[in-house]
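The values are calculated or read from the model by the stated rules, or taken from the named source; none is laboratory data. This structure is a prediction, so every number in the text was calculated from the model and none was measured. Cβ placement follows ideal geometry from the backbone for every residue including glycine, while neighbour counts extend to all protein chains displayed. Ligands, DNA and RNA are stripped out before the accessible areas are found, and what is left, the full protein with its side chains, is counted by its heavy atoms. Shrake-Rupley method; radii C 1.70, N 1.55, O 1.52, S 1.80 Å.
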Amino acid sequence: MSLSAMPAGTGLRVVLVSKKAVLTLPDDSLVLTPATITISPISGKIESITPAVLPRTAFPSSATYRDYGHKVLIPGLVDAHVHLNEPGRTEWEGFATGTRAAASGGVTTVIDMPLNAIPPTTTLAGFEAKLAASQGQCWVDVGFYGGVIPGNADQLLPLVEAGVRGFKGFLIESGVEEFPAVSSTDIALAMTTLKDTPTTLMFHAEMIPPISDSVGDAVQQSLPPLAPHGELSSYNTFLESRPPAFETYAVEEILSLAGLAPDLHLHIVHLSALECIPLLRKAREEGIKITAETCFHYLGLASDTIEDGDTRHKCCPPIRSQSNQDRLWEELSADDSCIRTIVSDHSPCTPELKLLPEHLQHVDEDAYYQPNMHHSDSGIDMTLPKSESSIETRLVPKVEGQGDFFAAWGGISSVGLGLPILHTAATNRTAHGEAAPDLVDIVRLCCQATAKQVGLSHRKGALKIGMDADVCVFDEDEVWTLHMGEMRWKNKCSPWEGHRFRGRVQETWLRGRQVFQLGGANAGLVGREPIGRAIVERRTE
């Protein structure tokens, strides 16, 4: 195998070598092989790849040469589902903190969701506000999605021209009033508007089915979709309130309209229910261009072990059973899988909005404290009452509803943790003879396919000549435990706290420049200022 001859004049170059690297061949297949990768830090591109470890003596003394031994070189991950929330809810997360967390986990590109920022990215003006807020803050490259809401169909094509990577709409209320759910009429209008455009139309696929045991007309105000039957602090009560039928009903609705735009790429975000798989498989067999993603938390967490009151685990759709998780893993391992990508759906909030029980609360000196933020989730008004606690004390106020899965805000923080989560779970499954992707498959699911999903496969998601020199250095064998202080996102609240992982990112390179080194100064961030860029090129693929 020969990928390239060594170019002349390799003096001012960066050379990365390893006995193990996941390379992309000219036909876009992936291979695990020794490799020497030569990078131009000026262009930020990969200039040559040799499928062997070349010695230091093969290069001029002026070249930067790094030999990683048995540590694995893989492309920087492309996390195609991240909520950065800035501007408007920057106390939940922001560009600076969200992207530094991404960099620490080998993620070199994140795609920002159109909510929960204020304004949302549903208009050209909203997109411009988002871009302005991102300037000078990003430690990795950032692309953007637009949103589909009732009444904004005239904004979709201008947003395409401005460089958004795709669009997302909700078939159930999102929990924030500035991003309402769409009807079938809205979906049809979005499909016909975008049908001849290279983009991806994505859906939060939960929908209220015609179930008799509901709260009647009140569901239109996004009250709890199903009346809870049990303790509100019991995860099982919450799980039963959002059954798999919510997801299958929504998928069926989307598929019923797909004929309006037969060439448009449709996509289901954060698929959790195994019951959706046969629906999607059948649709793909019939020629409908639809794919799905699942998330790290659906593959690494299961409802069977969630303790009462541990609202860190609340998300929508919910984390389901271990048997459901097993079926997701099996689908990922199938050659014709309908689940093409894995993402974080990093959806943080302030710890106060999680309504954590006292034994799970932490004092965090870096946290932003704002107790009176108004929002709703699962139909519950979650405005917290006034508290005597001051911003200086950083104490979480004691309020009614702690541990209530219906009142707590839904969302899980995990950006930058995906590689350890997947590698750990896959290693454990393989040891027990269960289906699981290997490291090459993880690159396909989290780098190559996610880049393709957002129209960036011409420059992101692959170790290949001419691509952006985005590189993750991964130690497959390091065993470590995630503690609160190692969370680099803004609010250090996550169900992954205390989990033991096998495999850890050691370094991250963005366009030929090192941006993260584990154990280094400044929390591992390399350089005096962030070098990430906003990706605003018009999508062509």
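Looking only at residues in segment 255-312 that are among the basic types (Lys, Arg) and assigned to a helix (DSSP H, G or I), the one that is nearest to the chain's Cα centre (by Cα) is Arg312.
Within segment 501-524, being within 21 Å of the chain's Cα centre (by Cα) and part of a strand (DSSP E or B) holds for Phe501, Arg502, Gly503, Arg504, Val505, Gln506, Glu507, Thr508, Trp509, Leu510, Val515, Phe516. Note on segment 13-29: residues that are open to solvent by less than 40 Å² (accessible area, probe 1.4 Å) and in a strand (DSSP E or B) amount to 9. Among the candidates Thr10, Thr38, Thr99, the residue that is open to solvent by less than 40 Å² (accessible area, probe 1.4 Å), modelled with pLDDT under 95, farther than 17 Å from Val443 by Cα and of a type in the set (Ser, Thr, Tyr) is uniquely Thr10.
Each residue in segment 258-283 was checked for being closer than 20 Å to Leu194 by Cα and surrounded by fewer than 17 Cβ atoms within 10 Å (Cβ to Cβ), and 4 pass.
Yes/no matrix, rows are residues, columns are (1) closer than 15 Å to Gly76 by Cα; (2) of a type in the set (Gly, Ala, Ser); (3) out of contact with any Phe, Trp or Tyr (no Cβ under 7 Å at 6 or more places or on another chain):
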position	(1), (2), (3)
Asp438	no, no, yes
Cys446	yes, no, yes
Ala451	yes, yes, yes
Asp475	yes, no, yes
Leu482	no, no, no
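Residue count for segment 452-488, restricted to those that are open to solvent by less than 10 Å² (accessible area, probe 1.4 Å) and assigned to a strand (DSSP E or B): 5. Out of the residues in segment 41-76 that are modelled with pLDDT under 95 and of a type in the set (Ser, Thr, Tyr), state the one that is most open to solvent (accessible area, probe 1.4 Å). Across segment 41-76, the extreme among qualifying residues is Ser61.
Residue-wise test of (1) on the phi > 0 side of the Ramachandran plot; (2) part of a loop (DSSP other than H, G, I, E, B); (3) among the hydrophobic types (A, V, I, L, M, F, W, C).
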| position | (1), (2), (3) |
| --- | --- |
| Val142 | no, no, yes |
| Gln155 | no, no, no |
| Leu159 | no, no, yes |
| Glu177 | no, yes, no |
| Asp186 | no, no, no |
| Leu189 | no, no, yes |
| Thr192 | no, no, no |
| Thr197 | no, yes, no |
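Applying the set (1) buried (at least 21 other Cβ atoms within 10 Å of the Cβ); (2) part of a strand (DSSP E or B) to Leu353 leaves exactly one unmet item: (2). Can you spot a residue in segment 101-122 that is over 24 Å from Ser413 (Cβ atoms), among the hydrophobic types (A, V, I, L, M, F, W, C) and not in a loop (DSSP other than H, G, I, E, B)? No, that holds for no residue. Would it be correct to say that Ala431 is touching a residue at least 60 places away in the same chain (Cβ under 8 Å), of a type outside the set (Phe, Trp, Tyr) and open to solvent by 10 Å² or more (accessible area, probe 1.4 Å)? No: the conditions fail for Ala431. The listed residues are Ser48, Ser62, and the only one of them that is outside any helix (DSSP H, G or I) and over 18 Å from Arg459 (Cβ atoms) turns out to be Ser62. Going by what's in this entry, would Gly105 be described as of a type in the set (Gly, Ala, Ser) and farther than 30 Å from Gly259 by Cβ? Judged against the criteria, Gly105 is a match. Search segment 167-201 for residues being hydrophobic (A, V, I, L, M, F, W, C) and closer than 19 Å to Asp263 by Cα, and hand back the single one that is most open to solvent (accessible area, probe 1.4 Å). In this case the residue turns out to be Leu189. Inclusion of Thr90 among residues that are in a helix (DSSP H, G or I) and among the polar types (S, T, N, Q) is not warranted. Against the test of being at pLDDT below 95 and within 25 Å of Ser256 (Cβ to Cβ), the options Asp217, Asp154 yield a single qualifying residue, Asp217.
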